[in-house]
Amino acid sequence: MKYKFLLVISVLSLSFILGGCSGTEETKEPVDKPVEENTKSEEPNETEKQISDQQQKTIDSLNNFPEFINNYKELGEDKTPTWDNYLYGQEVTWSGTILEIGSSQIWVLGAGEYTGQTWDDVNTSGNEAYNVFVADFTSNLLTDLKPGDSVTVKGTLESRGDFDLNYHWKIYNSEIQ
């Protein structure tokens, strides 16, 4: 009886081994699947190209600093895409009252009332820095301007303000108009 049991186990084992070595192959998917090519075109479709009314309003007001910053503040979640796609690098002409003058830049209160405040006053109180733009000149700023003077500056918009974080705006390659 004991031998019969061992014989049955041996026969079963041998049949499993021979079955595994037989010529029948399983069809399996390859381990490394080819990466599907991106079928989406690089060009956005017409729906993606459309911008909201608020975005258009903001873009249209770009050269009127007080109106622009109010419109930008109202963009909500559209602030970053609007900045990245439509505002960054744009040439602007903004006006305001000089707060301070440095060797190669000026701080200008572009929205709100000038009451003799300095950049430090504006930067540390409420959200007033959002109403300021800094105009950076490529070389030393040689001018007879002083704080309190009205000025119009043309430059390239490259740094955005943020109302909630009290960040100012900045334009580069500036020139006084």
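The values are calculated or read from the model by the stated rules, or taken from the named source; none is laboratory data. Quick caveat, the model's predicted, so the values are computed rather than measured. A quick note on method: Cβ atoms are made from the backbone with ideal geometry, for glycine too, and the neighbour counts reach across all protein chains shown. Please note that ligands, DNA and RNA were not included when accessible areas were found on the heavy atoms of the full protein model with its side chains. Shrake-Rupley method; radii C 1.70, N 1.55, O 1.52, S 1.80 Å.
Observations, loosely collected:
- Residues of segment 138-177: accessible area per residue with a 1.4 Å probe, Å²: 61
- Over all projection directions, the Cα-based convex hull of segment 72-177 averages an area of 6.4 nm².
- Take the Cα of residue 164, step 7 Å toward its Cβ, do the same at residue 52, and the gap between the two points is 1.4 nm.
- Projected label points at residue 88 and residue 149, each 7 Å from Cα along the beta carbon direction, are separated by 3.4 nanometres.
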